[in-house]
Amino acid sequence: MLNICIFVQAQIDKKNIKILSHYQKDMKKPSFITILFISIFGIVSTFLTSCSNKSSDTIRIGILDGPSAVSFIQLIDYSPIIGGKNVEIIIKSEPLQIQALMMQGELDFAILPTIMAANLYNKGLKYRMVACPIWGTLYLMTNLPIQHIENLKGQTIAIFGQGATSDILLRRMIKEKVILNTKIDYSFASNNEIAQALLFKKVKLAVVSEPLVSKLLAQDSSIHIIEKLDCKKSIYNSDKDIFVQTAFLVSQRFTEDYPELVQQVCQSYSNSCNFISEQPEKAAKLMVKHKLATNIESARRSIPFCNIRYVGAFALENEVNRYLDIFYEYNPKSIGGKIPNNDFIFQTY
């Protein structure tokens, strides 16, 4: 984008003086061409202004609505200044919206599902993982009197996103628990649609992500959780939850231009995550204040289901690789065809 801006500016610098002087004597009676030129010039000027509006005085962080936004609640509330730079937090409802901003070079930091982050990294988008803040927000829920996984034989489970995190982990669970004749329904367009279908008894079983989990539990007492989707694997001779579901990412450009600020941003974010677990009552009030929840009770209920725990990626290399290996085994394309190289993990210390 910067190169385009420079090129367009150069062409205008070469020609605009001649063009303007040529039409200046006709300005009392503007011709069609004159008006057309002025219009085009205005559009190009707007474009160039937008090119120069990327302020180096602002750190831009793109995050997702839901648990990720909750984890940032302290930063959202007091808008910190880090290293003399303002912090702008951009909240989007879909990962693809965050991806688009990353591809345009609009974000310094971003949050995405870890498998999506690995996929983009393998395809050449240089954002590296600095932490995992969210440790699993997917729950298998039902409005039937079913209490155990073993009772799912012959049932149909609604899910959003074929090949996505929830789909692959559900299929892995069905295989490991040997649940026979189970079908997966991919006909719903969003997690919200699935939650509504479960609420109005259009489906009996569904995988739902927080914050909709706590909302469903509050709305209908017949709806309950059968099991949280996890992805435990044997690490260091013990079963360990490696559900590094969400990646906090930093652009390579930012690490090169402002290496000293990366750790400061991470520390501020880590403090916000700790604030959620250490002061849930205050956090719940801020969630309501910033419209991440409708009332204090629903906000308080939601926090445990968000599973917020900031851990630096440098301490999670084995967990990240084991986690991504699950998706590689089921669908290599979901992570870009390979496990990312070690450079995917950014060492902040």
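Considering only residues that are hydrophobic (A, V, I, L, M, F, W, C) and part of a loop (DSSP other than H, G, I, E, B), look in the stretch 323-349 and name the one that is farthest from THR114 (Cα to Cα). First the steps, then the outcome.
Just the residues of the stretch 323-349 that are hydrophobic (A, V, I, L, M, F, W, C), to begin with: 324, 326-327, 335, 339, 344-346.
Within this subset, residues satisfying the condition of being part of a loop (DSSP other than H, G, I, E, B) are 339, 346.
On the way: ILE339: 12, PHE346: 14 Å.
The selected residue is PHE346.
If you scan the stretch 238-257, which residues turn out to be assigned to a loop (DSSP other than H, G, I, E, B), of a type outside the set (S, T, N, Q) and farther than 18 Å from ASP343 by Cα? Steps first, please.
Going through the stretch 238-257, the residues assigned to a loop (DSSP other than H, G, I, E, B) turn out to be 242-245.
Cutting the leftovers down to of a type outside the set (S, T, N, Q) gives us 242-244.
Scanning the stretch 238-257 gives ILE242, PHE243.
Please specify each residue of the stretch 299-314 satisfying the condition of being over 12 Å from GLY136 (Cβ atoms) and either of a type in the set (D, E, K, R) or surrounded by 20 or more Cβ atoms within 10 Å (Cβ to Cβ) (or both). Don't jump to the end; show me each part of the working.
If we filter the stretch 299-314 for residues that are over 12 Å from GLY136 (Cβ atoms), which is where we start, we get 299-303, 310-314.
ALA299, ARG300, ARG301, SER302, ILE303, TYR310, ALA313, listed by residue number.
May I ask you to say which residue of MET129, MET173 is out of contact with any Gly (no Cβ under 9 Å at 6 or more places or on another chain) and assigned to a strand (DSSP E or B)?
On the way: MET173 fails: assigned to a strand (DSSP E or B).
Answer to the selection: MET129.
Within the set of pairs 6+ apart or on separate chains, which have a first residue in the stretch 270-290 that is at pLDDT 95 or above, a second that is of a type in the set (Ser, Thr, Tyr) and surrounded by fewer than 16 Cβ atoms within 10 Å (Cβ to Cβ), and C-beta atoms under 8 Å apart?
Final answer for the pair search is VAL288/THR294.
Kindly establish whether ALA110 is part of a helix (DSSP H, G or I), surrounded by 23 or more Cβ atoms within 10 Å (Cβ to Cβ) and on the phi < 0 side of the Ramachandran plot. Walk me through it before giving the result.
Values: part of a helix (DSSP H, G or I): no; surrounded by 23 or more Cβ atoms within 10 Å (Cβ to Cβ): yes; on the phi < 0 side of the Ramachandran plot: yes.
Criteria not met by ALA110.
Determine, yes or no, whether SER187 is at pLDDT below 95, crowded, with 18+ Cβ neighbours inside 10 Å and either of a type in the set (S, T, N, Q) or in the same structural domain as ALA69 (by TED's automatic domain parsing) (or both). Working first, answer last.
Details: at pLDDT below 95: yes; crowded, with 18+ Cβ neighbours inside 10 Å: no; either of a type in the set (S, T, N, Q) or in the same structural domain as ALA69 (by TED's automatic domain parsing) (or both): yes.
In short, no.
The values are calculated or read from the model by the stated rules, or taken from the named source; none is laboratory data. Model, not experiment: these values are computed from the prediction. In this analysis, Cβ positions are derived from the backbone assuming ideal geometry, glycine residues included, and neighbour counts consider all displayed protein chains.
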